[in-house]
Structure formats: structure tokens, C-alpha cells
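A.B. asks: The structure that follows is given in the form of C-alpha cells.
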Amino acid sequence: MDFSVIANNFSFLISQGLLGFGKFTGGTLRLAIPAIILGFILGIFIGLGRLARSGWVRVPATAYVEFFRGVPLVMVIFWFWFVIPVLLGVPLPEYTVALAAFVVFEAAYLGEIIRAGIQSVPRGQVEAATATGLTSVQTMRHIILPQALKNMIPALVTQFIVLFKDTSLASIIGYVDLTKAAQIVNNREIRPFELYLFIAMVYWLCTYGMSRYARYLERRLSHA
Amino acid sequence: MQNAIDHIVCGAAICKFYTDETLFTVIEFQHVNKWYGSLHVLRDIQLKIERGEVVVVCGPSGSGKSTLIRCINRLEPIQSGEILVDGRQLSDPRLDLRALRTEIGFVFQQFNLYPHMTALHNITLAPMKVKGLARAEAEKFALALLERVGMQDKAGAYPANLSGGQQQRVAIARALAMQPKIMLFDEPTSALDPEMINEVLEVMTNLAKEGMTMAVVTHEMGFARQVAHRVIFMDEGQLIEQESPETFFKAPKSPRTKLFLSKILSH
């Protein structure tokens, strides 16, 4: 085993593969962080839509979840890569395709987590807020969402970790993320054991950091 | 001192004026019916509650008494009939329901305090968000309310760290924070351990003495006897009997009331 391959290619693996600075379009974090944020925002709308009283909102939101949960992520990436550019008449850059595919796909899962979290808040909380004259938007903002978010943390973080690791699928359209960067180096150096062990460690450190932060957040938000 | 006496005399005169000349109905049920699916939970309810009156509603479980008071601020919709609050029809599509709800304090069996907020913040939320009070002003008023329910030391405590009785007193303060004209209590002591019931009833008794209009669903017959102006008995969605406490407990008319009282007062 010769770990000098890591040292020699460290800056390529980390700055190109993990962070996304380099001559190729890429970066695991550069894709994962905006995908998590935008996916979560879209997920809130999907989750609220699933709970809407009006069928005009509820049915499309439900259809969205059922559809995107039922197809493989790779296929969604391929659609954005091959199909959407044909429909639009312009080619889309790798980054746009990868980000759009992840946001759209993950929002279906996150929407379900958010719906379940909102439904986990006891009905009496809404009644208490309603009885004091709060509007439904104020009730959602001040009473339901803060409690729901706390209940959702474990499931949300699991989903964020899944998303983070799934970003390696973006390499199929030539996006140079951490996995692809290791592959590029390996093609030249033929050191698969060292390289894949190293990137496994990087993935693990990132996800472990996420789960530690989640545990801290959960503890900070609990008043029991 | 003389001023104080003047005030009391004047207060009595106003009180007399109200009670003798202009009895003012604040809540009125007109032929109200409600169903849950095929279950007829309120049957042709007719009821008037006057300003300053304390009405206790009792009856066996499932008799519709909780539903009755939950209809007053439209936590539950009704299917037929009409409810008037302060002369306003609840069915009126132009009614500002939210404004009306701020005039009606509601206290729940399960307290329903917001678990992610301190006692103080539970109380200040609605005055700040609904009435637009500044934080400092809202907190000052909230602290005064906490003192009124004997909870001034617990302003910074979260509900999970309070006993049931303490939580319910905070919940009463929260309801009072909107300065309601009417207070509704839905079995406020039913979820409490026996030793905590009195601290809550004491707060309610003081509120009644101050002249608050109150409708209280409860099984606390001691409270009904001492504080209520009128006791209502409900069974199977019907309003069976409404009497002064003296008559209600000594000489109930309906056999169903007699049966109910014999069950709850025998031991």
C-alpha cells in the first residue's frame, strides 16, 4: 500500500472533487449543499400541499410525490440531461442538470417527511392558537413548524445523508465530484485500494459531522 | 379612602343598573343541532348566558357538553340553528371570526401549552402577533397575569417542567392575555392529579368573583355549588335541565338528572 498517491493528488481530490474548484465542473459539496437547501424549501411546499384542504393543491402534490418516489434517481438525471434540453431547444450545463435533478427528486422524499412531521403536532396545539385569534399562517409559522421541525430532525438528517452520498451519481453525466475525481486519478495511477479507502473516509467524515450536528440540534431544541 | 368608597358605591350602582334594567345576553343558542356523521351530538339546544354569569355544564361523558362550548368560538361548526355571541351571528359570512375569538378565552382539558415556548412566551405570543403589542408591553402584562394565577416565579419555565396544575394556570393566563369578555373552560381539572385541582379552581373562583362571564364544563360539583349562578345538565346531546345550584342539587326535576347526581354525589 502506498498512500503517497493521496498526498500527490490531495488538492485535486479535495478542491476539485469535494469542493468543486478546478478546471472541471464538479464538487460534491458544491452540489450537495444547494441541493439540500433548495430541496428542503421545495419539500416544504410539497409537504404543505399534501395537507392542503383544496384538491387543486393536494392532488398535484400527491401525484408529484408518488411519481418521483417511484422512479430511479439515475433516470431523473438522464431526463434532465437528454430530454429537457430537447424540449427547451438549448443544452443545459452539467451543474444545472445535476442540481435540478437532485432538488426535484429529493423534494418528493423531503415533502413526505415534512408532512409526517406536521401531522405529528397534536391537534390541540392548533386549537389553542386558533382560539387566541392567530391566523393559520401565524399558527403554522410559530406553533406547528417549530415543533414539527424538531420531530423531523432524525428523518431529515437521514435523508440529507442519503442525498449527500447520492451526489456520486452525478458523475454519470461527467460531473466531477469526489467519486469521479478518484476515478480519474485511479485511471492514471492504478491505486484503487488507497484512493477508494480515502474517499470513503472523506464521505464518512462529512456524514458523521452531519449526524453529530443533528444530535446537538435535537438536544438544543428539546425542553423536556 | 372617600374616593374608594365612592368607587364601590358607584360600582354597586352600575352593577344594579345592569342586573336590574338591562340583562345583557352574551351567548345565545337558538335551536342548535350538530351531527358527527350520523351521530346527533347536539339536539335542538336553546340557551342564553348573560353578562357576568357563571354557568356550569355537567353531564355524563359523551353527552355533548364539551361540544357545546367548543361551538361558541366555532372550534366546531354547527349544522343547523344559530349561535349569537355579543349579538353577532356565528353563521354570518361577514363576521370577523378571528376578532371574535380574541374576545373569547378558551381553556382546554389538556392545557395545550406550546411546549417549545416558556410560560411567559406562551402568554405574550397572541397579544404580540394578533394585537400587535410591543414585546416589553406584552411581557409586562403577561407577568401581571402570571402573578394573578400565582405563577410569577415560573415565567421562564418550559411547560414540560411544570406540574399539571401549574400548566393549567399558565393556560388560563394565556387565555386572559387577550382580555376576553367571555371565558370558556372545557373540563379544566379533569386531567389533573387530585392535589392540584384546588389551585386551578381557586384561580377560576377569583375570576368569577371579578365578574367574568364563564361557561365551565366540569365534574367539580363543589365548584358548581359555590361559584355557579346556574347549572346545566346535558344528556345525549339534549339540554335536560338548567337551574340555580340550590335547586339543581336539592330538587332536580328530571329523573335523568337525579340518576346522574346520585352516581356522582354518592361517595
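A.B. asks: What is the spin-label model distance, in nm, from B:Leu259 to A:Arg53 if the labels are put 7 Å beyond Cα along the C-beta direction?
C.D. replies: Modelled inter-label distance: 3.9 nm.
A.B. asks: While we're on this one: Can you give the Rg to Rh ratio for the protein assembly as shown, taking only C-alpha atoms and Rh from Kirkwood?
C.D. replies: Details: Rg = 31.1 Å, Rh = 27.1 Å.
Value, to two decimals: 1.15.
A.B. asks: Count, for each residue of B:124-130, the Cβ atoms from other chains sitting within 10 Å of its Cβ, then give me the mean as a whole number. Numbers along the way, then the final one.
C.D. replies: Numbers: counts 0, 7, 8, 2, 1, 9, 6.
Mean number of neighbouring Cβ atoms from other chains: 5.
A.B. asks: If you take the Cα atoms of segment B:107-200, find Rg, then find the Kirkwood Rh from the mean of 1/r over all pairs, what is Rg/Rh?
C.D. replies: Rg/Rh: 0.95.
A.B. asks: Another question about this same structure. On a 0 to 90° scale, report how tilted helix A:55-69 is relative to the longest principal axis of chain A, with both axes built from alpha carbons and the result rounded to the nearest 10.
C.D. replies: Rounded to the nearest ten degrees, it is 30.
A.B. asks: Further question: Averaged over B:68-74, how many beta carbons belonging to a partner chain fall within 10 Å of each residue's beta carbon?
C.D. replies: On the way: counts 0, 0, 2, 0, 0, 5, 2.
Mean shielding count: 1.
A.B. asks: So how far, in whole Å, is the C-alpha centre of segment A:146-168 from the one of segment B:192-240?
C.D. replies: 47 Å
A.B. asks: If you average over every viewing direction, what projected area does the convex hull of the Cα atoms of segment A:1-54 give, in nm²? Intermediate results must be reported in sequence, preceding the final value.
C.D. replies: Working: hull surface 22.8 nm².
So the Cα hull casts an average projection of 5.7 nm².
A.B. asks: Measuring from the lowest to the highest alpha carbon on each principal axis, how far does chain B reach, largest first, in angstroms?
C.D. replies: Cα extents, longest axis first: 53, 48, 48 Å.
A.B. asks: Further question: What share of all Cα pairs of segment A:29-223, in percent, falls into each consecutive 5 Å distance bin?
C.D. replies: Spelled out per bin, shortest first, that is 1, 7, 13, 15, 16, 15, 11, 9, 6, 4, 2, 1, 0, 0.
A.B. asks: Which residues of segment A:147-171 bury at least 30 Å² of accessible area once all protein chains are present, versus their chain alone (1.4 Å probe)?
C.D. replies: Output list: A:Gln147.
A.B. asks: Return the average number of partner chain Cβ atoms within 10 angstrom of each residue Cβ along peptide A:119-126.
C.D. replies: Values: counts 0, 0, 1, 3, 1, 6, 5, 2.
Mean partner-chain Cβ count within 10 Å for A:119-126: 2.
A.B. asks: Additional query: I'd like the accessible area for A:Tyr109, computed on protein heavy atoms only with a 1.4 Å probe and all protein chains in place. Round to 10 Å², please.
C.D. replies: Its accessible surface works out to 70 Å², give or take rounding.
A.B. asks: Something else: Based on DSSP H runs of at least 4 residues, each adding -39500 (n - 2.57), what is the mean residue ellipticity at 222 nm of the protein assembly as shown after dividing by all its residues, to the nearest 500 deg cm²/dmol? If you can, show how the numbers build up before the last one.
C.D. replies: Numbers: 21 runs with 265 residues, N = 491.
Using -39500 (n - 2.57) per qualifying helix, the result is -17000 deg cm²/dmol.
A.B. asks: Follow-up question, since we're still on this one. Given the alpha-carbon gyration tensor of segment A:132-224, what are the semi-axes of its equivalent ellipsoid in whole angstrom, ordered largest first, with each equal to the square root of 5 times an eigenvalue? All intermediate terms of the calculation are to be shown ahead of the outcome.
C.D. replies: Working: eigenvalues 335, 50, 9 Å².
Largest first, segment A:132-224 gives 41, 16, 7 Å.
A.B. asks: What are the equivalent ellipsoid semi-axes of segment B:195-267, built from the alpha-carbon gyration tensor (square roots of five times its eigenvalues), in whole angstrom, biggest first? Let's see the in-between values first.
C.D. replies: On the way: eigenvalues 100, 41, 24 Å².
Each semi-axis is √(5λ); the values are 22, 14, 11 Å.
A.B. asks: On a 0 to 90° scale, report how tilted helix B:164-176 is relative to the longest principal axis of chain B, with both axes built from alpha carbons and the result rounded to the nearest 10.
C.D. replies: It works out to around 80 degrees.
A.B. asks: Now for a different question. Report, please, the projected area of segment A:1-118 averaged over directions, based on the convex hull of its C-alpha atoms, in nm². Working shown, then result.
C.D. replies: Working: hull surface 40.6 nm².
Computed as one quarter of the Cα hull surface, the answer is 10.2 nm².
The values are calculated or read from the model by the stated rules, or taken from the named source; none is laboratory data. Just so you know, these numbers come straight off a predicted model, no measurement behind them. All Cβ positions, glycine included, derive from the backbone under ideal geometry; neighbour counts span all protein chains shown. Areas reflect the complete protein model, heavy atoms only, side chains present, ligands, DNA and RNA absent. Shrake-Rupley method; radii C 1.70, N 1.55, O 1.52, S 1.80 Å.
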